[in-house]
1. If neighbour count is taken as other Cβ atoms inside 10 Å, put R72, R20 in order from fewest to most.
2. Provide V296, V182 in ascending order of the number of other Cβ atoms located within 10 Å of each residue's Cβ, fewest first.
3. At a Förster radius of 35 Å, what calculated FRET efficiency corresponds to the Cβ-Cβ distance of F63 and Q180, to the nearest 0.05?
4. Please list the non-local residues whose amide H lies under 5 Å from the amide H of T219, H modeled 1.01 Å from N, same-chain partners needing a gap of 5 or more.
5. When S199, S143 are ordered from fewest to most other Cβ atoms inside 10 Å of their Cβ, what list results?
6. Roughly what would the spin-label model give for L148 and I347, points 7 Å off Cα along C-beta, in nm?
7. Given the Cα-Cα distance of V285 and K190 and 0.36 nm per residue of separation, how much length would full extension add, in nm?
8. Cα to Cα, under 30 Å, and not fewer than 8 places away if on the same chain: which lysines meet these conditions relative to K190?
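Rule-based calculations on the coordinates, nothing more; no lab input. The shown structure was predicted, so the numbers you read here are calculated from the model rather than taken from an experiment. With ideal geometry, Cβ positions are generated from the backbone for all residues, glycine too; neighbour counts draw on all protein chains shown.
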Amino acid sequence: MSFVENLLMAFSSLKAHKMRSILTMLGIVIGVGAVIIVVAIGQGGEAMLKSQIAGTSNTMEMFYQPSDEEMRANPNALMQAPFKQEDIRALEQLPEIKQVVASSTQMSATRFQTDTADVSSTGINQAFMKLNDLKVEKGRNFSSADFLGGRRVAVISSKLQEKLFKGKDPLGKIITVANQPVEIIGVLEKPTGLLAFGSMEVYLPFQTWKVIYGSSDYTQVTIQAVSAEKMQATGKKAANLLNKMHNTEKSYQVINMEEIAQGIGQVTSIMTLIIGSIAGISLFVGGIGVMNIMLVSVTERTREIGIRMALGATRGQVLTQFLIESMTLTLLGGILGIGLGWGAATIVSFFAGWPSLISWQVVLGGVLFSMVIGVVFGILPANKASKLDPIESLRYE
């Protein structure tokens, strides 16, 4: 009997016992679907997490960690803004640096009429908004004139708009930041994504922030290298420059956010693998169900097997027939499981706000694994069928 005839016989057998076949395949469908869902959502979440942490490419955060000697000389070193205006100007002169993003932040009471909120007030330079991908939904963004003239204008977060204005239009309204009046010119888009917490924030041109708080120093500095290949060398050169300017050794350093994102990605990959392996246990349970049904099928078809062997069918042909039936059962279940996993992962990722990365390797693996399960758990029933005695089989009722 040819492979095609065995395949048609397998479909005929499955069709003859529709409900039993569906219930048997259910374990394979759920197992394959669960693995694809876990892997797709895990990889999508990992990609979103990396992009949220790493941000714009080629960027590095600079930080200041005073030595023990510096702490003894100045116990308040950690409480002071570590970056001076001359530091920013010096960094901007390095040819390896594309741009320098500097900002300072203070927590302040912000008021509109009778409503007050504790707000993160940040003074920024002109490169800040673009590099941090902050987009204005209402009104306008800061202009060059706002930065150069130190105009008393502000862009606020959507959460602060909800808190102070309760659905009203905030554009053109005057709020007080640290008891100083500023005009709202724009509202940021509501943040989305894995790390979107939606805090209450006010952004001001740094010259304006400096007047309000009486400080000309920066608390945060991010540098962007001209290319990814030069990031490590650029970060080292920038840190050495600031250490030399401040007469320190290794107090100024850089953090490569992409490297941190890669490290976190490795952790999430391991977690995805572990959870995916646990989900894969249901495939094993489904395989046992297939073996159980195939053993029942062998018992039910004992007389049929005896007739086939009496007509000249070899043990190898009987073995092949039952293996093909088992593989057909699991392969159909695997294909349905891929569809289930694909659809469920797409729906979950849509509501979660991150991409579902369904790779062809996972889909191919699901199909092949289903076929392997069909072979592994179909061998015992097929072997039992091939070893039946033709005479005894013909007597079976």
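1. On the way: R72 10, R20 13.
Least crowded to most crowded, the residues run R72, R20.
2. Details: V296 14, V182 24.
Ranked by crowding around the Cβ, least crowded first: V296, V182.
3. Details: r = 29 Å, r/R0 = 0.83.
The value I calculate is 0.75.
4. Close amide H contacts, sequence-distant or interchain: S103, S104, T105.
5. Numbers: S199 11, S143 14.
Listed from fewest to most nearby Cβ atoms, that is S199, S143.
6. A separation of 5.6 nm, rounded to one decimal place.
7. Values: separation 95, 0.36 × 95 = 34.20 nm, distance 4.51 nm.
Length gained between V285 and K190: 29.7 nm.
8. Output for K190: K50, K98, K130, K135, K138, K159, K163, K166, K168, K173, K210.
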